[in-house]
Structure formats: structure tokens, C-alpha cells
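J.: Following this message is one structure expressed as C-alpha cells.
What follows is calculated from the coordinates using simple rules that are stated; it is not laboratory data. Fair warning: this is a prediction, and the values are worked out from it, not measured in the lab. Cβ sites come from the backbone with ideal geometry, for glycine too, and all protein chains shown count toward neighbours.
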């Protein structure tokens, strides 16, 4: 079989890959020219036909989302989510720092398709280099006529600006990000209504993840049929998998959706360090359920991971070898979520603290069987009952961890 040739990451290792001249020398902004000669509805139809699903974690069909926005609304916005904060996830940062124009071209095409004349880039405050790369890319795009008034003589206008967040994980959730962009505290809104109907300043707003937007130029440039030929029946296109933990070559690996987990870990990430055995895998970022090693042959796709009892999420694969203390690993994951809770709803604000306290008691060898029962009760009382998915994401590693590694928990408690 012919080795996969990177599409989304094809530019990242070129010298001066962040420069507009490098990008244009390798076909950059040609897809934009093509899109501007299409009707906006035709662009949306092409993205729908491609089968592209959002790469930020939820996996919602991108073209369908675009179709929800009211075409007759006088003001519409596009917001770019660069707030990547899920532990183990570092794909968006790579694209922003090394190939920002691939995202920006996707931003312009997307804005044209939905009729937005204003776009806002929201980026995690700690990504200092990414902020500089975004600002420089946008300035160069204005200079070359890809942004501003009458882009490439098409009559389409678009202005883009960059806005830094304060490092709150919750602002990766689209409505919390919108609140932050509006100058408010980053807290999620109750949905519905969804941003495509009522978003920034009560106007229809499309929020898209960086990796999602990086796909757009390839869909328009090469066609929906080409894109849909990659991946599985329900998961189309290439995907950047972030591999970290106990592997020999941690990093970003772009492969077709549906690539087996085993292949990603052993062929691309170099296998497990020191030849040890795998004990557990988190397949989609730490808010997704843990998988045991007998699931190594599961294809990395939305539908197959759901059938295996987990989720694709952001595609962030965390590998844990046989030396891992699973009680401690789950405690540390829970500590992250408790720290990052915005506190807007009681189940997450109070329940998260109680989960962490209980895990710390068990980890210290002072727990009882009642504490294990308390973990189960708290998880069921939080999951699915919070304003945003963070409460559920906090409970998934706990529930799956206890289910898979109950003996390790039992060894820490007294009867």
C-alpha cells in the first residue's frame, strides 16, 4: 500500500513555512480564487458532500452547521477556535505556528460561504508564537489582497482580527469562547439556541476549530469526491493524531481516519518505551473514556471508537504502559478538570471538588469501599447534567478507569 502523503501537514516542515510567499509558491490561495468564482451555496454544498466533520472534539458535520446560519441575516460572524487546551492535544498549535495561511485561507472561504464579513481569531494566551504568526499572516494577507475590501475583485469584503484568551480551558467550548470575545467572563451558555442562530452580540455566528478550517482549502481545491474517498463511511478525510505518553516518538501524525490505533502507536510513534506493554490508552484527549489494550485494533474513527466505548474527541492519543499507577493517573486528570471548571453550575463546581477529594483519599490508602461507591454516585450525578460537556468529560476517565482497573482501586481501600 502506498504510504500516506500528508495533506494538512504538507507544508509544516518546509523552510520558512509560515511565510505567505512560501505558502503561495506551493499552491496557497488558489482554492480561495476558485471558491470566489462559485456561489456561496455551492461552496456549502461542496463541504457537505465532502463529509467533513468538526475536528475540535464534537465531530458535527461542518457543511450542515454552515447550512444552519440564516442567509438573510444582515450581520454574521465567523469565530476561529485556537484555544486548544485539552491535555495531550497539540495539533492546532503546530498548524498555527508553521502553516498559518492554510487556516486563514479556510477562514476566508468559510466566511464567504456563510456570508460573514467579520472574523475573529480566538487564541490561547500562552501560545505566544502562535499569536505572532496569526498577526503576521493576517497582515500579509491584507497586503496581498486576500483580506479587506473587494477581495480579488470578487466584491466580497472580510476583516479578521486576533484576540488572546487568558488561558481558561473552558473557553475552548464555543459559547464560552463567544462570551470571552464579547469581553465577559468565559462561561458557557445554555444551548439551544446554538451560535449559528444566536452567537456573538446575538448575531448568527459560525465557530470552527483550526484543524477543521485547514481542511477547507483542500476540499475546494481538490473536490468533495476526492476528500470523501479518504477515511471510513462515517468519518471522512485525513486527521492529525497527537500521540503522547509512554511512546518512543511522541508527536503529530497525519493519517486517514480509520487508521488502526495499533498502527499509529507502533508504526508511526515508534512503539512503547523500553519495550514495555500497553496498560491503557486514552484515544481522544483526557475527556474521553479510557480503553484497555485489547482495543488496539480499533480504527480511529468517530463511529468505531463510539462502538468501542470511547470517542475520537480531538484525536489525542495518550499511551500508558504497564508501570502506570492508574489511580494516580485518574486523580491527576480529575485535578486538571477541577482547576479549570468555570464554576457556573453546581454539579461541576462542587461535584468535581468532591470527586478529587475522594480520589486523593483513596490514593493515600485511606479510602473505604464507601468511597468507591461515592465516586460512582458523584459521576452519575454530574455526567450529562452540566451546562457544557466538561462535567461529562471529567467523569468519563473516572468511570472507565474504575471499570477497567477496579483491582487497583480495591487494593487502596479498606473494607
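J.: I want the antiparallel fraction of DSSP beta bridges within region 256-415, as a percent rounded to 5.
T.: 75 percent
J.: Now, a different point. Between residue 202 and residue 414, how many nm apart are label points set 7 Å from Cα along the C-beta direction?
T.: Each label point is offset 7 Å from its Cα along the Cβ direction, giving 6.0 nm.
J.: Can you tell me what percent of all Cα-Cα pairs in region 1-99 are more than 16 Å apart? Could you put the intermediate results ahead of the total?
T.: Values: 3480 of 4851 pairs.
The answer is 72 percent, as a whole percent.
J.: Okay, moving on. Would you calculate, for the chain, the mean residue ellipticity at 222 nm contributed by helices, counting each DSSP H stretch of 4 or more residues as -39,500 (n - 2.57) and dividing by all residues, to the nearest 500?
T.: -12000 deg cm²/dmol
J.: Moving on to the next point. Could you list 60, 127, 156, 146 so that the one with the fewest beta carbons within 10 Å of its beta carbon is first and the one with the most is last?
T.: 60, 156, 127, 146
J.: Related question: If I model a spin label as a point 7 Å beyond the Cα along the Cα-Cβ vector, how far apart are those points for residue 226 and residue 72 in nm?
T.: Roughly 3.8 nm, to one decimal.
J.: Taking the chain as a Gaussian network, Cα atoms linked when under 10 Å apart, which of 74, 100, 260 shows the biggest mean-square fluctuation?
T.: Between 74, 100, 260, it is 74 that shows the largest mean-square fluctuation.
J.: Can I ask one more? What is the fewest-to-most order of 312, 181 by other Cβ atoms lying within 10 Å of their Cβ?
T.: Details: 312 26, 181 22.
Fewest to most other Cβ atoms nearby, the residues stand as 181, 312.
J.: Taking the chain as the reference, fit the longest principal axis to its C-alpha atoms, fit the long axis of helix 369-382 to the helix C-alpha atoms, and give the angle between the two in degrees, 0 to 90, nearest 10.
T.: The helix 369-382 is inclined about 20 degrees to the chain.
J.: Further question: Go ahead and collect, in residue order, the members of region 299-318 whose backbone nitrogen is under 15 Å from a label point 7 Å along the Cα-Cβ direction of residue 332.
T.: Zone members listed by number: 318.
J.: Related question: Between region 296-358 and region 236-252, what is the separation of their alpha carbon centroids in Å?
T.: Region 296-358 and region 236-252 have Cα centres separated by 18 Å.
J.: Going by alpha carbons, how many degrees (0 to 90, nearest 10) lie between the helix axis of 326-340 and the longest principal axis of the chain?
T.: Value to nearest ten degrees: 50.
J.: Work out, step by step, the length gained on full extension between residue 325 and residue 263: first 0.36 nm times the residue separation, then minus their alpha carbon distance; give nm to one decimal. Walk me through the numbers before you get to the answer.
T.: On the way: separation 62, 0.36 × 62 = 22.32 nm, distance 2.51 nm.
Using 0.36 nm per residue and subtracting the Cα-Cα distance, I get 19.8 nm.
J.: Provide the convex hull volume over Cα atoms per residue for region 238-321, in Å³.
T.: Measuring per residue, one finds 69 Å³ for the Cα hull of region 238-321.
J.: Return the tail of the calculated pair distribution for region 286-353, meaning the percent of Cα-Cα pairs more than 17 Å apart.
T.: So the pairs more than 17 Å apart make up 53 percent of the total in region 286-353.
J.: Looking at the chain, send over the antiparallel percent of its DSSP beta bridges, to the nearest 5.
T.: If we restrict to bridges inside the chain, about 40 percent are antiparallel.
J.: Taking only Cα atoms, what is the 0 to 90° angle, nearest 10, from helix 128-143's long axis to the longest principal axis of the chain?
T.: In the chain, helix 128-143 runs at an angle near 20 degrees to the longest axis.
J.: In nm, what is the difference between 0.36 nm times the number of residues separating residue 234 and residue 248 and their Cα-Cα distance?
T.: 1.9 nm
J.: Mind computing the radius of gyration and Dmax over the alpha-carbon atoms of region 326-414? Å is fine for both.
T.: That works out to 12.0, 36 Å for Rg and Dmax.
J.: Another one. Quick one: 325, 294, fewest Cβ neighbours within 10 Å first, how do they rank? Don't skip to the answer; put the middle values down first.
T.: Values: 325 15, 294 9.
Final ranking by Cβ density, sparse to dense: 294, 325.
J.: For the chain, modelled as a Gaussian network with Cα springs under 10 Å, which listed residue fluctuates most, 91, 239, 136?
T.: 136
J.: Tell me the relative contact order for the chain as a rounded percent, counting alpha carbon contacts under 8 Å between residues six or more apart. Walk me through the numbers before you get to the answer.
T.: Numbers: 835 pairs, mean separation 66.5, N = 415.
Normalised by residue count, the contact order of the chain is 16 percent.
J.: While we're looking at this one, here's another question. Average projected area of the Cα convex hull of the chain, in nm²?
T.: Approximately 19.7 nm², given one-decimal rounding.
J.: Next question, about the same structure. Taking 0.36 nm per intervening residue step and subtracting the Cα-Cα distance, what contour gain separates residue 5 from residue 184 on full extension?
T.: Length difference between fully extended and current span is 60.1 nm.
J.: Using label points projected 7 Å from each Cα along Cα→Cβ, tell me how many nm separate residue 373 and residue 350, to one decimal.
T.: Inter-label distance under the simple model: 2.1 nm.
J.: Can you tell me what share of the DSSP beta bridges in region 20-228 is antiparallel? A percent to the nearest 5 is fine.
T.: Around 10 percent antiparallel, to the nearest 5.
J.: Output the relative contact order of region 20-228, whole-number percent, from Cα pairs under 8 angstrom with separation of 6+ residues.
T.: Relative CO of region 20-228 lands at 32 percent.
J.: Which residue fluctuates most in the GNM of the chain (Cα springs below 10 Å): 108, 350, 206?
T.: Highest fluctuation of the listed residues: 350.
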